[in-house]
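Asks: Attaching a single structure in structure tokens format; questions to follow.
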Amino acid sequence: MAATRCGGYDGPMSFAKVDHWIGRTLFFPPTIKLCQLTRQSQFAVSRMFWFIAALDGFYLAETLFGSVLWGGMSAIMMIGATRRADVPTISFLFFRLLAIAFLVLDFVKGVTTVEWAGIEFWLFVLTAEYAAIIRTIPPREADKSGRKIVTAK
């Protein structure tokens, strides 16, 4: 079996390594920046993106049952996001990889049929899931404009 190199890992590529590379490369930087700009925890941002995903599912629902299902999920997500915003959440590797597979399938469908509706749902879900596994948010970088505090004498 040939060894591959990805993101500093030597050896055969595993699902955990692929998941780690996707998270650190594509989803962590914008999520961390959003947390720093809004001064919200990664868990609050995760719940916010789950709420946005539920609203998107409600928007894309084509049947009455789908509308009721996604509308109920939106209400549950809204209540959960307000009551438990900063409570730590969990995320499962299998679910993230399944969401990535559905994103890839929707992307291929979008390329072949030029119908892109639905691809944003999986981006919201993946952003929410990867935000849930960030354990610490680094402090915001100092302003590079060089502003100095002037004190009166």
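Asks: Of everything in segment 76-124 that's part of a helix (DSSP H, G or I), among the basic types (Lys, Arg) and closer than 23 Å to VAL45 by Cβ, which residue is farthest from the chain's Cα centre (by Cα)?
Replies: Per the stated criteria, the residue is ARG83.
Rundown of residues vs (1) open to solvent by 30 Å² or more (accessible area, probe 1.4 Å); (2) of a type in the set (Asp, Glu), yes/no style:
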site: GLY80; (1), (2): no, no
site: PHE95; (1), (2): yes, no
site: PHE107; (1), (2): yes, no
site: GLU115; (1), (2): yes, yes
site: LEU123; (1), (2): yes, no
site: THR127; (1), (2): no, no
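Asks: Any residue at all in segment 38-49 that's at pLDDT below 95, surrounded by fewer than 17 Cβ atoms within 10 Å (Cβ to Cβ) and in a helix (DSSP H, G or I)?
Replies: yes
The values are calculated or read from the model by the stated rules, or taken from the named source; none is laboratory data. Here the structure is a predicted model, which means the values were calculated and not measured. Cβ coordinates were reconstructed from backbone atoms using ideal geometry, including for glycine residues, and neighbour counts include every protein chain displayed. The protein model used for the area step is the full one, side chains on, heavy atoms only, and it has no ligands, DNA or RNA in it. Shrake-Rupley method; radii C 1.70, N 1.55, O 1.52, S 1.80 Å.
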